[in-house]
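The structure under discussion appears below in the form of structure tokens.
The values are calculated or read from the model by the stated rules, or taken from the named source; none is laboratory data. None of these values were measured; they are calculated from a predicted model. Cβ placement follows ideal geometry from the backbone for every residue including glycine, while neighbour counts extend to all protein chains displayed. We work out accessible area using only protein heavy atoms, side chains counted, and drop any ligands, DNA or RNA first. Shrake-Rupley method; radii C 1.70, N 1.55, O 1.52, S 1.80 Å.
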Amino acid sequence: MNDKVCVGAIGGSFGVKGEVRLKSFCADPEAIADYAPLTTEDGATAYTVTLTGQIKNGLSARLGGVKTKEEADALKGVRLYAPRNRLPALPDDEFYHADLIGLTILDTGGTELGRVKAVLNHGADDLLEVHMPGSPKTFLLPFTRACVPTVDLAGGRIIADPPEGLI
């Protein structure tokens, strides 16, 4: 498993004094500050996080070392990561998205359907974007108990029962 988990992303500057727009991927969006310092994906830069308010589609925050609007704008799109050991343990039926990406998906008969490329959420249930073997094509699999009855992290696989006609 990865030793860090993506907990948020910077949406650009907020105001003119170096604050950023912060999108939190945490169940409790404000908990993102509890996991600081947060790092870039490569771990080269770490930021302290001080939340300054709630804004449309996210939070406003001050990041350590970011003092100007230009510096904040330059960080637009940067994903922020927290060490896994700082994050709360999850119940048996919940998973960090980072743990699902890359898992092999098999149907209930054992036929490989593909690998999880991404976990998407557009407001309803999560969707697994599945990259089909030997093809550039992907399909979206609802991440529900009906469609995904088994997630075996230790075995690196997911057992799926996709709806008829999905693939």
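For this structure, a couple of remarks:
Quick grid of which residues meet (1) within 30 Å of Ala46 (Cβ to Cβ); (2) of a type outside the set (A, V, I, L, M); (3) touching an Asp or Glu at 6+ places or on another chain (Cβ under 8 Å):
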residue	(1), (2), (3)
Thr108	no, yes, yes
Glu112	no, yes, no
Leu120	yes, no, yes
Asp161	no, yes, yes
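- Meets criteria (touching a residue at least 60 places away in the same chain (Cβ under 8 Å) and either in contact with an Asp or Glu (Cβ under 7 Å, 6 or more places away or on another chain) or over 18 Å from Leu90 (Cβ atoms) (or both)) for Leu153: yes
- Residue count for the stretch 1-33, restricted to those that are of a type in the set (Asp, Glu) and touching a residue at least 40 places away in the same chain (Cβ under 8 Å): 2
- Consider the stretch 78-126 and keep the residues that are in contact with a helix residue (DSSP H, G or I) (Cβ under 7 Å, 6 or more places away or on another chain) and open to solvent by less than 50 Å² (accessible area, probe 1.4 Å). The one that is nearest to Ala31 (Cα to Cα) is Leu87.
- Any hit, the stretch 55-65, residues being of a type in the set (Gly, Ala, Ser), out of contact with any Ser or Thr (no Cβ under 9 Å at 6 or more places or on another chain) and open to solvent by 40 Å² or more (accessible area, probe 1.4 Å): no
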